[in-house]
Amino acid sequence: MDASTGLQLLIVTNDPALAARVRELEMPGVAVDTQTQTSEALMLLESGRYAVILADQVLPGALCGHDFLLAAQQVDSEVMTVLLTDRDRATEPGFGRFDLVVPRSTSAQKLLARILIRREGAALGVY
């Protein structure tokens, strides 16, 4: 899907269950790509086609989800960043740098609602 025709999301996780839950967001106007490797995900971000990147806190390789999202912000400062964690860690130091910090157990519908509300708020200057 071209970024101009809808919402393009990239989920970075090696957890098949989490990837499947986020894939439930796919519908007309919303496309979801999945990547398991942070290095490949960073290369995909260079295309500039993603509006939202979601990262699991626990990732294989050199970068955890937190560090990956910080690197992603360096590649594309406009991308919305969402960190998926096992518990509510929004108050931990450094997590305020992300647009959303959400429990991994959040349903696909609630996750999409939070993303859309945050995007609308940002467009209106609320966030």
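Going by what's in this entry, would SER39 be described as exposed (fewer than 15 other Cβ atoms within 10 Å of the Cβ), polar (S, T, N, Q), touching a residue at least 24 places away in the same chain (Cβ under 8 Å) and farther than 18 Å from GLN8 by Cβ? Considered against the rule, which asks whether it is exposed (fewer than 15 other Cβ atoms within 10 Å of the Cβ), polar (S, T, N, Q), touching a residue at least 24 places away in the same chain (Cβ under 8 Å) and farther than 18 Å from GLN8 by Cβ, SER39 comes out as no.
Taking only region 11-51 into account, find how many residues are among the basic types (Lys, Arg) and farther than 18 Å from GLY65 by Cα. Adding up the residues that qualify gives 2. Looking only at residues of region 74-95 that are in contact with a helix residue (DSSP H, G or I) (Cβ under 6 Å, 6 or more places away or on another chain) and in a strand (DSSP E or B), we find that the one that is modelled with the highest pLDDT is THR81. Of everything in region 44-73 that is outside any strand (DSSP E or B), of a type in the set (A, V, I, L, M) and closer than 19 Å to LEU18 by Cα, the residue that is modelled with the highest pLDDT is LEU69.
Considering only residues that are closer than 23 Å to GLN74 by Cα and in contact with an Asp or Glu (Cβ under 8 Å, 6 or more places away or on another chain), which ones fall in region 1-45? Matches in region 1-45: GLN8, LEU9, LEU10, ILE11, VAL12, THR13, ASN14, VAL32, LEU44, LEU45.
The values are calculated or read from the model by the stated rules, or taken from the named source; none is laboratory data. Here the structure is a predicted model, which is why all the values come from computation and not from measurement. Every residue, glycine as well, gets a Cβ built from its backbone with ideal geometry; the counts of neighbours run over all protein chains shown.
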